[in-house]
Every structure is written in structure tokens, then in C-alpha cells.
1. Going by the conditions given, is S111 touching a residue at least 60 places away in the same chain (Cβ under 8 Å), surrounded by 14 or more Cβ atoms within 10 Å (Cβ to Cβ) and more than 29 Å from H171 (Cα to Cα)?
2. Quick one: which of L257, L230, L246, L218 is touching a His at 6+ places or on another chain (Cβ under 9 Å), under 30 Å from S109 (Cβ atoms) and surrounded by 14 or more Cβ atoms within 10 Å (Cβ to Cβ)?
3. Confirm whether R100 is touching a strand residue (DSSP E or B) at 6+ places or on another chain (Cβ under 9 Å), over 30 Å from P304 (Cβ atoms) and exposed (fewer than 15 other Cβ atoms within 10 Å of the Cβ).
4. Which members of the range 170-229 meet the condition of being farther than 24 Å from L73 by Cα and among the acidic types (D, E)?
5. If you check every pair at least six apart or on different chains, which have Cβ atoms under 7 Å apart with a residue in the range 256-283 that is over 10 Å from P42 (Cα atoms) and of a type in the set (G, A, S) first and a residue that is modelled with pLDDT under 95 and surrounded by fewer than 16 Cβ atoms within 10 Å (Cβ to Cβ) second?
6. Say whether the condition of being farther than 17 Å from E4 by Cα and of a type in the set (D, E) is met by at least one residue in the range 162-184.
7. Evaluate the range 394-413: report whether one residue or more is farther than 30 Å from L73 by Cα and of a type in the set (A, V, I, L, M).
8. For the range 2-46, give me each residue that is exposed (fewer than 12 other Cβ atoms within 10 Å of the Cβ) and hydrophobic (A, V, I, L, M, F, W, C).
Amino acid sequence: MPFEQKMRAANVMEAAIGAFRHNYEALCREETGLIPEDSIRPAEGLAVFEPGGASFDPDLLAQAVVIKLNGGLGTSMGLQKVKSVLEVRPGVNFLDLIVRQVKSLREASGSKVRLLLMNSFSTSGDTLDYLKKHADGGFAEASEVELMQNQVPKIDEATLAPVEWPANPSHEWCPPGHGDLYPALVGSGWLDRLLAAGVKYAFVSNSDNLGAVLEPGLLKHFAESGAPFLMEVTRRTPADRKGGHLAVRASDGRLLLREVAQCPEGDLDAFQDIDRHRYFNTNSIWLRLDRLKDLLAQGGGVLPLPMIRNRKTVDPRDKNSTPVIQLEVAMGAAIECFEGSKAIEVPRSRFAPVKSTADLFALRSDAYCIGDDGRVELAEVRHGQPPVVKLDDSYKLVDAIESLGTPSLAECDEVRIDGPLRFGDGVVLKGKVAFSSPAGEIKTVAPGTYVDREISL
């Protein structure tokens, strides 16, 4: 098989080759990967988790590993580096807070709770270089903290052969999605290594989701449930209509995850109906590593995740370049692979990803508090609701918000910013506030409190 030859020549691990073969064969069988609305029903009656009250069980914590998906670059915000080196507060970035969280877990348990960062070829160098500052905790050695994401070939849409692009051979490859977690754990040897060290429970989340921390009550709930897999979900809002949602497969009653790329076009209205499909996947999961090993053994080393077919061009910046198919799998889709998988509804506070400069602008404000243990939480006065931040396109890149200033958003419901401006020290926003400034000279918002106002500068 030309794909296997190409992947072996690039030293792709055998577990990833097996996973790609599974998806490619599904593509050749003309499986669409689509999940029609009439094949599912809404998920209902989930357990609800309320944080607080539980203390860490040191014995359970000693059996846990924290895995952060860290393969993304912040290119959408103008970064050429791994997103997790973005500063959240002056001199403190995502990686600093993740390390602080794990150190706090170690202090709470008296054991060396492991941290693994699932890096990509694009983020490994930046991440390991930055972590040198945390060498005292053993976080700087790749052999101790790194789980490498695989890469898979792009498929020529016309021939279904490996695409060739001599102008830039790196464009012939793509990431296989965060569902690559499972073959990466196996192929790297980390799965056996963790099990041999007595590690049984894995908590996995995105590195840019600072609301996702290893919560003692959730660890206890997961351990006592006996479930092999637990997905954290939260209620969908109008802003989440396009995000993957939880559902139940009508044929066998198993939970499943449906992404928008798996939804037939005619079912999009039902997909986006947040009253019908009420829960979306936060991409935070809890995994029993021993049960994962058993399931992989049953499947010949492959977890049969549903395939997601994405149509692109080989050069993403050239829409006239060769059309290709990228085969991807979602980490959360494994919920349908494990007998007895469960989902739990968690507060919105556990889902605080930074996907845009608007998210970062809010996170840097006093609407959020950062604890000594690295936890990032909404200020108590927010009552669990983050402020809504709307920035015009001129603020799309991180550099553009660096000089914007940081007003108080602790009691702000919504802020809208149009045009060039900066906030002076001592600006407090409350309720719904909008600022507009004409193109040209940057205007300064004078210190003071602004409540439910629209201001033209």
C-alpha cells in the first residue's frame, strides 16, 4: 500500500499506520462518516457535577496522569509559535499555569503526578525550549513530558493516492486530529510505561482550556463509576451551535459524539437546535488506561473511531492547488467504542478555551482570577457567566490587543469595541458597553466607570 510505504519511510509509528489504514479502507468503501438525525436521539438524564466540597484522595491521585493536547499553533491570532506560550498575565503563560497545576497536585498527594504534553511537530521545539525554566520539577525532558502526535498523508481527491507536492513536501502531510491520542499512547510506549508505574486514570484536555483542571470530585466520581471512559459535557448556548454534540445511537443505545462535519446538510437545522441536542463536548475526557489497553488488544491495536472526511487543497493558502481529502478522528468519538462509557454535565466554568483575541482579552481581565495552584476561575461576582467580548477585525491578531489596555470587566456583561482606541488605567466597565472610534488616530478612553453606555470617541 503506497500510504504505508510513505508513512514507514517517514518513521510514522505502526499504531498510527494501522489507524490510518482503518480510516482509508472506510473511505474506499465510500463510507461518508455521516450520522443522520434519524439514526440518533438526544442525550438525556446525565449526572450533574458541582465542583467544591471534595478533597483529594492521595491514593487515587497517585494513579492519575494529566495529558494536555498541545499541538496547535496560534496562527489564527497571528502567532508563529505554540499557542500555550501566550501570556495570560504579565510573565505567566498557559504552560506556566499547567505546570503550576501539576505541582499543586503533587503537593496534595505526596506523589509524582505525571504531566504529558501531546505535542505536534510544529509545537515540540517551542514547548520543550520554554519548559527549560521548569527543569527543577522534571518538566524539561522530552522523555518525561512529551507524547508526540503523528502525521498522516493527505489523499489526492481524484485518485485516492498519496498527494504529491514537490514545491513543498511538508504540505503532503496533515495532523490526524486529536483522536490520534490513542495510537500515540500505544506507539510511543507511554501506555505500557504508565500502566507499569501503576497509573490507571488519565485526565485529558486542551492546553488552551484553562478551566479544565484535574478536579478531585471528578476523579473520585470516575473511579467509583467503574466506567472506562467519561466525557465532560456542558449546556450548549447559541454560540455553540456549530460545536460537536452528544447524542445516543438509536440502534444500540450507546452514547456518541457528532461533529458538524459528520452531519448531513439536510440535518443541519436539527444539529444546531440547542434545545434538542443540549450538550456539547468540552474535549475534556477521563480514560481508564487498563481498559484502553484491553480494547486495543481486541481490535488488533486499532480503536475503530468514526472517520471524519475533510476536503481541503494541498496548499491551504492556494485554493487552486490540488484538491485533497484529510482523514481525521476526534478524541471524544471514542465514547462509542467503550462498553459502559458515560458523560457528565459540568459547569460552564470548566470550559474556558482561548480561541480568539476576544477570549484572551477577557481572560487577562479581572473577570478571571488565577490561584496559587494555577487554577483559572471566573471571579465570584460573575456567577459563572463570562463576559461577552466583541472586537472588530482590526483586533484579530494578538499584537493589536497588546496596546489596547485592560479595563475592569468583573461586572461587565458585554463590551463591543470598534475602531482604534486604548483604555486608560482605571477604566471600569459595567453592564453592556460599546465603544467606537473613527479610523485614524488612536483615541484614549479616559479613566472612570462606564455603565450601559454607547460611547463614540
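1. Here the answer is no, as S111 does not meet what is asked.
2. Exactly one residue qualifies, and that residue is L230.
3. When the stated conditions are applied, R100 does not pass them.
4. D192, E215, E224
5. Hits for this filter: A261/N310.
6. no
7. No, that holds for no residue.
8. A9, C28
The values are calculated or read from the model by the stated rules, or taken from the named source; none is laboratory data. The model shown is predicted, which means the values in this text are computed figures rather than measured ones. Virtual Cβ from ideal backbone geometry, glycine too; neighbours counted across all protein chains shown.
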